[in-house]
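The values are calculated or read from the model by the stated rules, or taken from the named source; none is laboratory data. All values reported here derive from a predicted model rather than from experimental measurement. Positions of Cβ are generated from backbone atoms using ideal geometry, with glycine treated the same way; all protein chains shown enter the neighbour counts.
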Amino acid sequence: MAAVIWSEKSLADIEDIYDYIAADSPLYARHQVEKIVASVERLSDFPESGRTLPEFVHLPYRELIVDPYRIIYRYDSVSSQLMIVAVVHGRRLLRESSFT
């Protein structure tokens with residue numbers, strides 16, 4: 001089981017997602033954030049289940065899709081740590097600077 005660590009940026013991303021959706025529906029905002037968190041918790045058991053980033057196959061990052069968001073993470077099998085580095089909307093252009 002991998003230890004999940006949320007970066008400050010990824011936590012800020014989650015807060016921004018909540019705030020944006022909550023402007024219309026606090027209930028749906030809470031539901032979306034809970035769905036993201038639950039998916040990340042499952043990653044602790046299966047840390048390599050996400051796919052490599054198609055835009056950056058040369059980097060050691062993976063992603064998990066929780067529609068419409070992409071959870072970007074890095075798994076270190078030696079330390080058994082999984083770092084959530086960013087949560088971005090799937091329609092946004094992903095830049096390397098978004099998560100490195």
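Candidates in the stretch 65-78 are the residues that are under 17 Å from residue 7 (Cβ atoms) and among the charged types (D, E, K, R); of these, the one that is nearest to the chain's Cα centre (by Cα) is 70.
If I filter the stretch 1-46 down to residues being of a type in the set (Phe, Trp, Tyr) and within 20 Å of residue 92 (Cα to Cα), which single residue comes out as surrounded by the fewest Cβ atoms within 10 Å (Cβ to Cβ)?
Applying the first criterion (of a type in the set (Phe, Trp, Tyr)) to the stretch 1-46 yields 6, 18, 20, 28, 46.
Among the residues that remain, those that are also within 20 Å of residue 92 (Cα to Cα) are: 18, 20.
Details: 18: 16, 20: 12.
Applying the filter and picking the extreme gives 20.
Taking the chain as the region of interest, the strands (runs of 3 or more DSSP E) fully inside it that hold 3 or more residues being of a type in the set (A, V, I, L, M, F, W, C) are 3-6, 62-66, 81-89. Among the residues of the stretch 47-64, those that are exposed (fewer than 15 other Cβ atoms within 10 Å of the Cβ) and either modelled with pLDDT of 95 or more or under 21 Å from residue 8 (Cβ atoms) (or both) comprise 59, 60. Residue-level check: of (1) within 11 Å of the chain's Cα centre (by Cα); (2) surrounded by 13 or more Cβ atoms within 10 Å (Cβ to Cβ), residue 81 misses just (1).
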